[in-house]
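Read through the structure below, which is laid out as structure tokens, and then see the notes.
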Amino acid sequence: MKIEIRNGRLIDPKNRRDEGASLFIAAGKIAGIGQTPAGFVADQVIDAAGAIVCPGFIDLGARLNSIEAELAAAVAGGVTSVVVPPDADPPLDEPELADRLVHRAADIGKARVLPLGALTLGLKGERLAELAGLAKAGCVAFSQANRPVVDTEALLRSFEYAATFGFAVWMQPQDHWLARNGIAHAGEVASRLGLAGIPVSAETIAIGTLLQLARDTGVRLHLTRISSAAGLTQIGKAQKEGLKVSCDVGIHHLHLTENDIGFFDSQARFDPPLRTQGDRQGLSAGVARGVAAICSDHTPVGADDKLLPFGEAKPGATGLELLLPLTLKWATAADVDLATAIARITADPAAILGSDRGQLGEGADADVCIFDPEASWRLLPEALRSKGKNTPFLGYEVQGKVRVALVGGTQK
Amino acid sequence: MHNPQLNRHGELTHLLSIEGLPQEVITHILDTAASFMEVSQREVKKVPLLRGKSVFNLFFENSTRTRTTFEIAAKRLSADVINLDIGRSSTAKGETLLDTIDNLCAMHANLFVVRHAASGAPYLIAEHLARVGRDDIHVVNAGDGRHAHPTQGLLDMYTIRHYKKDFTQLRVAIVGDILHSRVARSDIHALTTLGVPEVRAIGPQTLLPSHLGRMGVHVFHDMAAGLKDCDVVIMLRLQNERMTGALLPSAGEYFRHYGLTPQKLALAKPDAIVMHPGPMNRGVEIHSAVADGAQAVILPQVTFGIAVRMAVMSIVPGN
């Protein structure tokens, strides 16, 4: 199948390309850009007039509770690769489970699934999972999702073991003791509403520990879902010092603050919690500078699990289909150009994964997203493919609509 | 942001929190309560305002005392009162909070008095009632988590007004475990709304929430400094479980620093009143000589509480 995508504005941040150019796809790969390759006869021509043509998005964190619906949601949102945290039920701590997930995703044939294996058995933070076996089954890195490793020695050993094999470790930095009873940012809103707080120090202390152990062990560390300006500053400093550490920020944390809890709105319950306006601005500036990538932190939660008192409601929001519109909205608000914004959900996540995807260079896998940046749509439950209708933006008019997503040169 | 306890006309349809209530609404409740004080003195202590109405006391967290005062208040308004000790029934069988509410709606409830361990639970109920079109059912928050206990806040204001008349000249100190106290939060909002120029919070840093200054409160860690020249001293109950973690070393040390003794009370104005939401821990937060002393108005608080709850339960269903 040979495809020509013409008349679009081609944005490929990795290869510093932003121009009106046709894209040629053959045998699932990028066959040419601009110039028609010799002997190329398109079986299909996609007219991308008025649209952006860019690499398919790589989401660094999406939970797939009902895998079929969520992978359909992914491609509907232009997401062609999805990193899945290991906190499924059961946790992804055995090679057979990873194997099954990878095959199931291949059968469904929508977005690519990149599972994170559990770092420890049952994510309990005690005994190591079979990392090499999990890697062989397709796990791209190892993680505790949002569960802690309370025992610092176990943490050190797990880093040493991962470093032995060159595996990357992804950790959500949150001090167990400071965070364990909390349900909201320890700030003005939590004080006023009488919600137990999680201080910023829960994040910065954990980051300090994790960075130190990464230095000591040489493990490749990725820190997920940074929520505070101070935390991001800490990571930025370590990067400047030459430590190979990367991080991501959930898209909702670039838009919302503790004030969005309003009168106990459980849609604004997140893990880590939404913090202050100053934190939001710090995160936004850090992402603009390239300290962190953006992810959806897609967490489908059923209505019943949100229709509970704030502290009993499950945290998280649906995100796969909002990644593009919310990234565009962030770019406008933060005065960031389109190519930079797209880099945060394509080339940057690819670099974190050590993957060749997230770009449209010749010979690359043809994972492509074609979207209309101006098209607006109303965020209603029926507009979402995901089973998770949980979003604080319900009813909002958002901009940015995916027209076509291709995975390996096949339209999804 | 729409305040879910007010209707389109700004009238009170639920009482969920004192925060955000206009001063006139609070004053109206206190004035109405004053008119009910007389009812309690009568031979037949009843008015027919809620005749034929059903008040459901939904206590998801145990509290004999608060439930009893709501029950008395509802009965004096001639309502039918149904007490549900939910902690031991439906939710124990796995029913969700809103399923329970739907069931009780089907039993033709008119007013829910809700006590819940989770901050914000009464908001969830009020929003649910609006969603399912049951604007005819009203919610009164009888204490939610650490968040609010608005009727306690109102009865405290009634007590202060009774003894001090004018709010705008007062210095009021709230002493103790403000972090975990829904009473303190409701008092703070009520006092600042009613124009009290100086509200003080006294306690160790472990028992004071952050950002109290943003709520208009002056923070003191030294009790002597905090009590100086106060007109009103509101003592808070210290739960025993606060002693098990790292918040406080012992009841004894707490009492030495933050217990109200006659000597410390002498630092306040000579006519200062001492309040306590009950139940008291004598020898922990308050010395018996103060609790039983001439300046204590702790028992009148209880009496006023019934009138204030009658006022709230009569006003809310009318809107």
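Odds and ends about this structure:
- Boolean, B:Gln205 is within 14 Å of another protein chain (Cβ to nearest Cβ) and either among the hydroxyl-bearing types (Ser, Thr, Tyr) or open to solvent by 20 Å² or more (accessible area, probe 1.4 Å) (or both): yes
- Against the list (1) open to solvent by less than 40 Å² (accessible area, probe 1.4 Å); (2) free of Cβ contacts under 8 Å to residues at least 24 places away in the same chain; (3) of a type in the set (S, T, N, Q), the condition B:Ser40 fails is (2).
- Number of positions in segment A:111-138 that are in contact with a helix residue (DSSP H, G or I) (Cβ under 7 Å, 6 or more places away or on another chain) and open to solvent by less than 10 Å² (accessible area, probe 1.4 Å): 9
- Look at (1) part of a helix (DSSP H, G or I); (2) open to solvent by 10 Å² or more (accessible area, probe 1.4 Å); (3) within 14 Å of chain A (Cβ to nearest Cβ); (4) not small (Gly, Ala, Ser) and you find that B:Arg161 fails only one, number (3).
- Just one of the listed residues (B:Ile86, B:Ile29) is at pLDDT below 95 and open to solvent by less than 10 Å² (accessible area, probe 1.4 Å), namely B:Ile86.
- In segment A:264-282, the residues that are without any contact (Cβ under 8 Å) to a residue 60 or more places away in the chain, under 20 Å from A:Arg344 (Cβ atoms) and open to solvent by less than 40 Å² (accessible area, probe 1.4 Å): A:Phe270, A:Gly282
- Condition met for A:Ala196 (crowded, with 21+ Cβ neighbours inside 10 Å, within 14 Å of another protein chain (Cβ to nearest Cβ) and either of a type outside the set (D, E, K, R) or within 26 Å of A:Gly166 (Cα to Cα) (or both)): no
- Residue among A:Gly290, A:Gly311 that is on the phi > 0 side of the Ramachandran plot and open to solvent by 10 Å² or more (accessible area, probe 1.4 Å): A:Gly290
- In segment A:220-263, the qualifying residues are those that are of a type in the set (Asp, Glu) and open to solvent by 50 Å² or more (accessible area, probe 1.4 Å), and the one that is farthest from A:Leu322 (Cα to Cα) is A:Glu241.
- Within segment A:360-391, the set of residues being open to solvent by less than 30 Å² (accessible area, probe 1.4 Å), assigned to a loop (DSSP other than H, G, I, E, B) and not acidic (Asp, Glu) comprises A:Leu360, A:Gly361, A:Ala364, A:Ala366, A:Leu379, A:Leu384, A:Ser386, A:Gly388, A:Asn390, A:Thr391.
- Those strands (runs of 3 or more DSSP E) of segment A:1-107 that lie entirely within it include none in which at least 3 residues are touching a Cys at 6+ places or on another chain (Cβ under 6 Å).
- Taken together, B:Pro300, B:Pro317 contain a single residue that is farther than 17 Å from B:Gly203 by Cα, open to solvent by 20 Å² or more (accessible area, probe 1.4 Å) and at pLDDT 95 or above, which is B:Pro300.
- B:Ile18 vs. criteria surrounded by 13 or more Cβ atoms within 10 Å (Cβ to Cβ), β-branched (Val, Ile, Thr), within 14 Å of another protein chain (Cβ to nearest Cβ) and closer than 18 Å to B:Pro122 by Cβ: yes
- Residue that is outside any helix (DSSP H, G or I), over 16 Å from A:Gln399 (Cβ atoms) and within 14 Å of another protein chain (Cβ to nearest Cβ), where the choices are A:Gly319, A:Gly311: A:Gly311
- Looking across segment B:221-272, the residues that are more than 23 Å from B:Gln301 (Cβ to Cβ), free of Cβ contacts under 8 Å to residues at least 24 places away in the same chain and either outside the structural domain of B:Ile298 (by TED's automatic domain parsing) or not in a helix (DSSP H, G or I) (or both) come down to B:His221, B:Asp222, B:Thr244, B:Gly245, B:Pro249, B:Ser250.
- Positions within segment A:162-190 being farther than 21 Å from A:Glu312 by Cα and open to solvent by 50 Å² or more (accessible area, probe 1.4 Å), in sequence order: A:Thr164, A:Phe165, A:Gly166
- Leading residue by the ranking (farthest from the other protein chains (Cβ to nearest Cβ)) among those in segment B:218-251 that are open to solvent by less than 10 Å² (accessible area, probe 1.4 Å) and closer than 25 Å to A:Ile198 by Cβ: B:Leu238
- B:Arg146 being open to solvent by 40 Å² or more (accessible area, probe 1.4 Å), without any contact (Cβ under 8 Å) to a residue 60 or more places away in the chain, outside any helix (DSSP H, G or I) and within 12 Å of another protein chain (Cβ to nearest Cβ): yes
- The set of residues from segment B:13-33 being more than 24 Å from B:Asn110 (Cα to Cα) and in a helix (DSSP H, G or I) comprises B:Gln23, B:Glu24, B:Thr27.
- The one condition in (1) open to solvent by 10 Å² or more (accessible area, probe 1.4 Å); (2) out of contact with any helix residue (DSSP H, G or I) (no Cβ under 6 Å at 6 or more places or on another chain) that A:Pro55 fails to fulfil: (1)
A quick yes/no check of all residues on (1) within 14 Å of chain A (Cβ to nearest Cβ); (2) hydrophobic (A, V, I, L, M, F, W, C); (3) surrounded by 15 or more Cβ atoms within 10 Å (Cβ to Cβ):
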| site | (1), (2), (3) |
| --- | --- |
| B:Asn62 | no, no, no |
| B:Phe70 | no, yes, yes |
| B:Ala73 | no, yes, yes |
| B:Gly120 | yes, no, yes |
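The values are calculated or read from the model by the stated rules, or taken from the named source; none is laboratory data. In this text, all values refer to a predicted model and were calculated from it rather than measured experimentally. Ideal geometry is used to build each Cβ from the backbone, glycine not excepted, and the neighbour counts take in all protein chains shown. Just the protein is used for accessible areas: all its heavy atoms, side chains included, with ligands, DNA and RNA removed. Shrake-Rupley method; radii C 1.70, N 1.55, O 1.52, S 1.80 Å.
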